[in-house]
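**Q** I have a structure here, written as structure tokens, and I will follow up with some questions on it.
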Amino acid sequence: MEGIRRNLKIKTSTCKRIVKELRSYEKEVEREAAKTAAMKDNAADPYDLKQQENVLGESRMMIPDCHKRLDAALADLKSTLAELEETTGPEVEDAKKTVADVENQFPTEDA
């Protein structure tokens with residue numbers, strides 16, 4: 001039972017970390033898009049502009065990847081939580097809160 005609780009804490013932390021990562025990439029895309037737009041407005045060197053567009057494209061590619069990882073981590077957390085259905089404790093409450101928060105912030109087809 002203690003192993004499952006520890007596993008639950010790890011999976012809860014994983015979900016929280018991926019949410020932070022996703023938020024970070026979203027902010028990065030906003031920053032890089034603004035920087036790219038400013039470079040276009042200022043008629044920047046075509047090479048520099050191309051490099052900046054590549055940076056923006058790479059940042060944008062990370063968002064769907066984070067969503068996939070978050071979906072997988074959330075499903076994993078839910079299955080572990082289901083194993084502890086009759087159990088209570090701070091780990092279980094934290095996991096339930098994390099699942100609810102993630103589902104509210106990032107609605108999915110099955111949620």
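**Q** As a check on your grasp of the helix formula, calculate [θ] at 222 nm for the chain: sum -39500 (n - 2.57) over DSSP H runs of n ≥ 4, divide by the residue count, round to the nearest 500.
**A** -30500 deg cm²/dmol
**Q** Please list LEU49, LEU74 from largest to smallest accessible area, probe radius 1.4 Å, with all protein chains kept in place.
**A** LEU49, LEU74
**Q** Suppose each label sits 7 Å from its Cα in the direction of the beta carbon; what would the VAL55-ALA43 distance come out to in nanometres?
**A** So the two model labels end up 2.3 nm from each other.
**Q** Name the aspartates and glutamates eligible as straight-distance cross-link partners of LYS11: C-alpha to C-alpha under 17 Å, and not fewer than 8 places from it in the same chain.
**A** Candidates past the 8-residue exclusion: GLU2, GLU21, ASP71, ASP76, GLU83, GLU85, GLU91, GLU93, ASP94, ASP101, GLU103.
**Q** Which is farthest toward the positive dipole end of the stretch 1-73 among SER13, ALA38, ALA72, measuring Cα position about the Cα centre, with Cβ charges +1 (Lys, Arg) and -1 (Asp, Glu)?
**A** Looking along the dipole axis, the top candidate is SER13.
**Q** What percentage of the solvent-accessible surface of the chain, computed with a 1.4 Å probe over protein heavy atoms, is contributed by carbon and sulfur atoms?
**A** Carbon plus sulfur share of accessible area: 52 percent.
**Q** Continuing with this model, one more query. Over 20 Å between C-alpha atoms is what I'm after, so list which of LYS27/LYS68; LYS20/LYS40; LYS9/LYS78; LYS20/LYS50; LYS16/LYS96 land there.
**A** LYS20/LYS40; LYS20/LYS50
**Q** Mean separation of Cα pairs under 8 Å and 6+ residues apart, divided by the residue count of the chain: what relative contact order is that in percent?
**A** In percent, rounded to a whole number, it is 43.
**Q** Restricting attention to the stretch 8-111, which GluC sites (Glu not before Pro) occupy a DSSP loop and are surrounded by at most 11 other Cβ atoms within 10 Å?
**A** Here the sparse-neighbourhood loop sites are GLU85, GLU86, GLU109.
**Q** Further, regarding this structure: Among (1) 16.0; (2) 14.3; (3) 17.9, find the value of Kirkwood radius over Cα pairs in Å that was calculated from the structure presented, and write down its label.
**A** Among (1) 16.0; (2) 14.3; (3) 17.9, the one calculated here is (1).
**Q** Over the heavy atoms of MET61, what accessible area does a 1.4 Å probe trace out, to the nearest 10 Å²?
**A** Approximately 130 Å² for this residue.
The values are calculated or read from the model by the stated rules, or taken from the named source; none is laboratory data. No experiment lies behind these values; they were computed from the predicted model shown. Cβ atoms come from the backbone with ideal geometry, glycine included; neighbour counts cover every protein chain shown. Surface areas here come from the heavy atoms of the whole protein model, side chains and all, with no ligands, DNA or RNA. Shrake-Rupley method; radii C 1.70, N 1.55, O 1.52, S 1.80 Å.
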